[in-house]
Structures are given as C-alpha cells and as structure tokens.
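In what follows, a structure is listed as structure tokens, so that the remarks can point back to it.
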Amino acid sequence: MKNTILVTGGVGFIGSNFVLDWIASETASVVNLDKLTYAGNLQNLESLTGNSRHIFVRGDIGDAELVAKLLAEHQPRAIVNFAAESHVDRSIHGPGEFIQTNIVGTFQLLEATRAYWGALNEEDKKAFRFLHVSTDEVYGSLKPEDPAFKETNSYEPNSPYSASKAASDHLVRAYHHTYGLPVLTTNCSNNYGPYHFPEKLIPLIIHNALAGKALPIYGDGQQVRDWLYVRDHCSAIRRVLEAGRVGDTYNVGGWNEKPNLDVVHTLCAILDELSPRADGNAYAEQVTYVTDRLGHDRRYAIDATKIHRELGWKPGETFESGIRKTVQWYLANQTWVRNVTSGDYTNWIQKNYKVED
Ligand code: NAD
Ligand code: DAU
C-alpha cells in the first residue's frame with residue numbers, strides 16, 4: 001500500500017473541508033473521487049490547484065470498474081466515504097438518487113474494496129481502513145425528555161435520506177462481520193461552516209437575508225438540531241481513522257442543541273451587526289413561516305461521550321464562535337455563493353418553496 005487515501009465525495013461540503021484539512025495536516029496524498037452532482041463544486045478546492053498530493057477523478061462510487069482501477073493504481077491505505085445524496089428535502093421530492101448512490105453506490109464501493117483488500121498482504125490487510133461517514137438521522141427523532149443518541153441506540157430512520165444512510169451503515173457493518181473488512185463508521189450531527197451549499201438551513205438563511213428574501217421556517221421552527229462546526233467533524237474523522245477500534249461506530253457531535261428559530265435569530269443578529277440592512281431594519285423581519293417538511297424529525301441530539309473517552313476528541317469551536325466565523329466566511333465569499341446559486345439551485349428553490357424567486 002502507498003501513503004495515499006481515497007476520499008469519495010471530497011468536493012462536496014464536508015468532503016472538501018476534509019480534503020483541505022487533510023492536505024494541511026497529514027502526509028498522505030489524496031485521490032478524490034467525486035461525481036460532481038449539483039452539490040460538488042471544484043471551486044471549493046481551488047487552493048489545491050497544482051498540488052501533487054491531490055488527484056481529482058470525476059466518477060461514481062457505483063462504477064465498480066472505475067473504483068477497482070483506482071484502487072489498483074493508487075494502492076490506498078484507507079478509504080473515507082463521504083459520497084452521498086445528502087439533502088432530506090430532495091429525498092422527499094425524489095428518493096431514487098438516494099437509493100442509487102447511498103445504498104447501491106456504497107454496496108459497489110464495498111465490493112471493490114473487498115476485492116482490493118482481500119489481495120493485500122497480511123500486514124497491509126491489518127493496517128487498511130474503510131471509514132464510512134454517516135449521520136445521526138439514522139437513529140430517528142427524539143422526544144424533548146429523551147437522552148441524546150448513543151452508539152447503542154436502535155436505528156429508526158424516518159426519511160428516504162436517513163433510511164438510505166441507515167441501509168449503507170448496515171452494509172458496512174455486515175462487510176466487517178462477514179468478511180472481516182476493517183471498517184469504521186461515524187454518525188455525526190448537523191454540520192455548518194464554509195462551502196455549505198445554500199439549500200441547507202444555515203447557508204440558505206444567510207443567502208436569503210442578504211438578498212432581501214423571505215427566511216423560510218418550516219412548521220413552528222421549534223425542531224431541534226445539534227450543530228457542529230465542519231472542521232471539528234473533519235478532526236473527528238481523522239482521529240477515528242487513526243485510532244478508532246475496527247468494526248466500531250462513533251457518534252460525533254458538538255453538544256449544541258438549538259431550536260431552528262434560535263439559529264435563525266442568531267444569524268440575523270450577527271448579520272445586523274456585520275452587514276446591516278440598507279434601511280436599518282432588522283433581518284429578523286424577513287422571517288416567514290412556511291409549510292412543514294413531510295415527516296419532519298422533531299429533535300436530534302448526539303451523546304459524544306464515547307469518542308471523547310476512548311479517542312480524546314472534543315470539538316474546538318463553540319456554537320457562538322463557529323457561527324460567527326461562518327457568517328464572516330459567507331460575507332467574504334459572495335462570489336462563491338453567486339456561482340453555486342445559479343442553474344439547478346434556482347429550479348430547486350422553485351420546487352421546494354413554491355415561491356416566485
Ligand atoms: P454534499 O451533498 O455537500 O456532498 C456530497 C458530495 O458527494 C458531492 O460532492 C457530490 O458530487 C458527491 N457525490 C454524490 N453522489 C456521488 C456518487 N454516486 N459518486 C461519487 N460522488 C458522489 O454532502 P455533505 O453535507 O458534504 O455530506 C457528506 C457526507 O456526510 C454524506 O455521506 C452525509 O450523509 C454525511 N453527513 C452530513 C452531515 C451534514 O450536516 N451535512 C452530517 C452528518 C453526516
Ligand atoms: O443531522 C445530520 C444531517 O443534517 C445530515 O445527515 C444531512 O445530510 C444534513 O442535510 C442535515 O439534515 P437536516 O434536515 O437537519 O438539515 P437542513 O439544513 O436541511 O435543516 C435543518 C433544520 O432546519 C431542519 O429541522 C429543517 C429546517 N429548515 C430547513 C430549511 C432548508 C427550515 O426550517 N427551513 C428551511 O428552509
């Protein structure tokens with residue numbers, strides 16, 4: 001094996017943050033396999049242009065022939081699988097792609113990995129890792145009084161997205177149990193930070209606020225999410241890859257449970273301070289209640305005790321520090337936002353919110 005890792009979906013939101021952090025802090029090279037769906041944006045990795053430690057390959061994790069060729073050619077010591085369809089609302093409008101990439105794609109990737117891993121010598125076999133990046137949504141929805149999700153919680157996915165991620169987690173688990181493939185799985189809470197596609201709550205609110213548009217709140221806005229700054233998720237994945245117990249799963253979270261409405265008001269207050277509206281009014285005036293998401297999960301919360309106790313990982317950012325950095329990043333990168341909000345994005349907004357845009 002070589003001192004190389006294969007990252008899939010490394011051009012999307014979390015994947016690109018991971019690749020940038022990895023190149024800055026580790027020695028191994030990265031082969032980055034990404035299909036470049038609407039969510040994959042090579043501009044996220046512009047700073048790596050000409051860097052010989054990063055090789056980008058456009059392709060599908062479900063293309064078994066391509067994956068087998070890449071594994072044979074680059075001999076990676078690990079695979080980190082970010083590639084997925086990731087937006088819950090899109091999974092409600094059209095689940096097909098989620099089944100294809102998240103389930104069938106992960107299966108094909110596992111098959112190619114099994115063949116590659118099976119042919120390694122004993123020492124390399126032991127050292128190899130397949131790390132699957134998953135979500136807290138597989139555990140379902142919590143009641144206000146329920147304890148946060150532990151690794152031992154049962155899977156109760158409620159959306160086509162979370163059901164497809166749950167299926168992929170089960171396949172990964174089965175490949176360890178049945179074939180001995182050295183896998184690791186991380187189940188993380190909601191990420192936010194740079195390069196977040198503005199279909200998701202936080203970047204959508206920043207984008208709409210600055211554009212003078214409505215800030216859409218689904219239902220009563222009291223749904224709770226547990227927010228983690230994306231670079232903290234990246235450091236957790238690096239730590240699990242380095243020291244995680246083979247076959248185990250690790251919950252990753254920021255101990256930051258917030259109702260959606262509070263998050264939106266926090267964003268409005270930071271924008272009022274850093275980029276006030278021309279008319280002097282508060283951005284919060286733009287808050288608009290819209291039809292709720294179908295089957296909307298009420299609350300997620302991660303108990304991140306295991307990764308802290310066993311691997312010494314904890315988040316570096318508080319919600320307050322991370323959210324301010326995030327708003328500052330969006331204000332400083334309006335060209336990036338303009339570039340990603342063309343094309344498919346516009347169609348999506350029309351379809352999901354049924355508004356004149
Ligand atoms: P994203 O939608 O921003 O990026 C997904 C990337 O995968 C894109 O670059 C896309 O082009 C690529 N991709 C899609 N289908 C592919 C295929 N068939 N083959 C190769 N590449 C493909 O997603 P994200 O928010 O960065 O999430 C990354 C991973 O982390 C996903 O597996 C997601 O389930 C998981 N996750 C996300 C969050 C979150 O808050 N965003 C939290 C926990 C876990
Ligand atoms: O929990 C981890 C998950 O977090 C990841 O697995 C998913 O890939 C990621 O997309 C995210 O899912 P959510 O559905 O929680 O994130 P989203 O940003 O879409 O929505 C956050 C909350 O805000 C959710 O309760 C729905 C609500 N919302 C969202 C949008 C886009 C609104 O009220 N208005 C909106 O316009």
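Since every read-out is calculated from the coordinates, none of them should be taken as a lab result. What you are looking at is a predicted structure, and each value in this text was computed from that prediction instead of being measured. Cβ coordinates were reconstructed from backbone atoms using ideal geometry, including for glycine residues, and neighbour counts include every protein chain displayed.
Quick notes
- Options Ala301, Asn3, Gly59, ranked by Cα towards positive dipole end of the chain, top entry (Cβ charges): Asn3
- Partner aspartates and glutamates whose Cα lies under 12 Å from the Cα of Lys325, excluding those fewer than 8 positions away in the same chain, are identified as Glu317.
- Candidate lysines - alpha carbon under 16 Å from Lys306, same-chain residues fewer than 8 apart omitted: Lys150, Lys314
- Rounded to the nearest 20, the size of the Cβ-charge dipole of the range 277-357 about its Cα centre is 280 debye, with Lys and Arg at +1 and Asp and Glu at -1.
- Taking the centroid of alpha carbons for each part, the range 285-340 and the range 36-99 are 22 Å apart.
- Dipole magnitude of the chain, debye to nearest 20 (Cβ charges: Lys/Arg +1, Asp/Glu -1, about Cα centre): 580 debye
- Straight Cα distances below 22 angstrom link Lys2 to the lysines Lys69, Lys125, Lys126, with same-chain residues fewer than 8 positions distant left out.
- Farthest toward positive dipole pole in the range 183-323 [+1 Lys/Arg, -1 Asp/Glu at C-beta], among Leu241, Ala211, Gly253: Leu241
- Charge dipole (Cα centre; +1 on Lys/Arg Cβ, -1 on Asp/Glu Cβ; no other charges) of the range 130-252 amounts to roughly 320 debye.
- For the chain, the relative contact order works out to 17 percent when only alpha carbon pairs closer than 8 Å and six or more residues apart are counted.
- Cα long-axis angle, helix 160-179 against the chain (0 to 90 degrees, to the nearest 10): 20 degrees
- Fraction of antiparallel bridges per DSSP, the chain only, in percent to nearest 5: 10 percent
- Nearest 10 degrees, 0 to 90: helix 106-118 Cα axis against the chain principal axis: 30 degrees
- Calculated [222 nm] ellipticity per residue, helices only, for the chain: -12500 deg cm²/dmol; basis is -39500 (n - 2.57) per DSSP H run with n ≥ 4, divided by all residues, nearest 500.
- Considering only Glu273, Glu97, Glu199, the mean-square fluctuation computed in a Gaussian network model of the chain, springs between alpha carbons under 10 angstrom, is largest for Glu273.
- Result for the chain in a Gaussian network model with C-alpha springs under 10 Å: among Lys314, Lys143, Lys35, the largest mean-square fluctuation is at Lys143.
- Between Gly50, Gly96, Gly40, the Gaussian network model of the chain with springs among Cα atoms under 10 angstrom shows the greatest mean-square fluctuation at Gly50.
- Positive-pole candidate from Gln350, Gly193, Tyr175, dipole of the chain, charges at beta carbon: Tyr175
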